[in-house]
Amino acid sequence: DQQVKQNSPSLSVQEGRISILNCDYTNSMFDYFLWYKKYPAEGPTFLISISSIKDKNEDGRFTVFLNKSAKHLSLHIVPSQPGDSAVYFCETCKAAGNKLTFGGGTRVLVKP
Amino acid sequence: DARVTQTPRHKVTEMGQEVTMRCQPILGHNTVFWYRQTMMQGLELLAYFRNRAPLDDSGMPKDRFSAEMPDATLATLKIQPSEPRDSAVYFCASGFSFNSPLHFGNGTRLTVT
């Protein structure tokens, strides 16, 4: 039973354009959400997070949107750069109950 | 810049052999996680600890996998006996709490032939 899904396994985008990555979850008790970026042969690194009391958090070129009623999370990267080519994972947390769940990842390719 | 250190980076072994993977979490972090990444299943949680106590290891095949934290600077993941289907990249991660970002090591790539 996959509680967190990233339905697009891959995404290709032109440099300078917007990349939009999506993540859907089923458990309404999740209260903290994070995005990680992973390059080949390295571990994932933290990118940006949002708590359930907010619906948007922005950090430079990266913005995370949370739609609690739809149980949907998205990451916008604008403008996309070739160095953004990586696999992106969303993670959901439920502090009460100590529950962490990752999505299956989306591979992003930014073409120069 | 503090990092999570995992050893070895690569391990090739024959089916039936014991494999031990080690992880040094970031000093001061009180939660430690073991994940497995396969092509098909993304990041699969195997086990995690808080303050060195195991909280959940329901993701691990109990008959062959074991995870321990003998002290605050070392976490181990052991597979005995190993099988070809265990071939994957195993990541260790540490953090301050469940609502804080995780810091991942660079993984151990395990190949069981």
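The values are calculated or read from the model by the stated rules, or taken from the named source; none is laboratory data. Since we're looking at a predicted model, the values are computed, not measured. As a convention, Cβ positions derive from the backbone with ideal geometry for all residues, glycine included, and neighbour counts pool all protein chains shown. What goes into the accessible areas is simple: the full protein's heavy atoms, side chains included, and nothing from ligands, DNA or RNA. Shrake-Rupley method; radii C 1.70, N 1.55, O 1.52, S 1.80 Å.
One table, with the values for the structure above:
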{"quantity": "Scan of region B:91-112 for residues that are surrounded by fewer than 22 Cβ atoms within 10 Å (Cβ to Cβ) and either farther than 25 Å from residue B:14 by Cα or more than 11 Å from every other protein chain (Cβ to nearest Cβ) (or both), ordered by number", "calculated": "B:96, B:97, B:98, B:99, B:100, B:101, B:103, B:110, B:111, B:112"}
{"quantity": "Residues of region A:17-33 classified as open to solvent by less than 40 Å² (accessible area, probe 1.4 Å) and under 22 Å from residue A:108 (Cα atoms), total", "calculated": "5"}
{"quantity": "Test set (1) touching a helix residue (DSSP H, G or I) at 6+ places or on another chain (Cβ under 8 Å); (2) of a type in the set (S, T, N, Q); (3) closer than 12 Å to residue B:24 by Cα - residue B:113 fails condition number", "calculated": "(3)"}
{"quantity": "Residue B:109 being of a type in the set (Lys, Arg) and in a strand (DSSP E or B)", "calculated": "yes"}
{"quantity": "Residue in region A:3-18 that is among the polar types (S, T, N, Q), at the interface with chain B (Cβ under 10 Å from one of its Cβ atoms) and not in a loop (DSSP other than H, G, I, E, B) present", "calculated": "no"}
{"quantity": "Among residues of region A:27-45, those that are without any contact (Cβ under 8 Å) to a residue 24 or more places away in the chain and either touching a Ser or Thr at 6+ places or on another chain (Cβ under 9 Å) or assigned to a loop (DSSP other than H, G, I, E, B) (or both), counted", "calculated": "4"}
{"quantity": "Residue that is aromatic (Phe, Trp, Tyr) and out of contact with any Leu (no Cβ under 9 Å at 6 or more places or on another chain), where the choices are B:49, B:96, B:33", "calculated": "B:96"}
{"quantity": "Boolean, residue B:44 is in contact with a strand residue (DSSP E or B) (Cβ under 8 Å, 6 or more places away or on another chain), of a type outside the set (S, T, N, Q) and surrounded by fewer than 13 Cβ atoms within 10 Å (Cβ to Cβ)", "calculated": "no"}
{"quantity": "Residues being surrounded by fewer than 19 Cβ atoms within 10 Å (Cβ to Cβ) and closer than 16 Å to residue A:88 by Cβ - total across region A:34-44", "calculated": "3"}
{"quantity": "Residue within region A:95-106 that is away from chain B (no Cβ under 12 Å) and either open to solvent by 10 Å² or more (accessible area, probe 1.4 Å) or at pLDDT below 90 (or both) present", "calculated": "no"}
{"quantity": "Residue in region B:5-22 that is at pLDDT below 90 and either in contact with a Lys or Arg (Cβ under 7 Å, 6 or more places away or on another chain) or open to solvent by 50 Å² or more (accessible area, probe 1.4 Å) (or both) present", "calculated": "no"}
{"quantity": "Subset of region B:34-74 [among the aliphatic types (A, V, I, L, M), under 19 Å from residue B:89 (Cα atoms) and within 14 Å of chain A (Cβ to nearest Cβ)]", "calculated": "B:39, B:40, B:43, B:45, B:46, B:47"}
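Okay, residues lined up against (1) over 15 Å from residue A:93 (Cα atoms); (2) modelled with pLDDT of 95 or more; (3) within 14 Å of chain B (Cβ to nearest Cβ):
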position: A:46; (1), (2), (3): no, yes, yes
position: A:59; (1), (2), (3): yes, yes, yes
position: A:75; (1), (2), (3): yes, yes, no
position: A:78; (1), (2), (3): yes, yes, no
position: A:83; (1), (2), (3): yes, yes, no
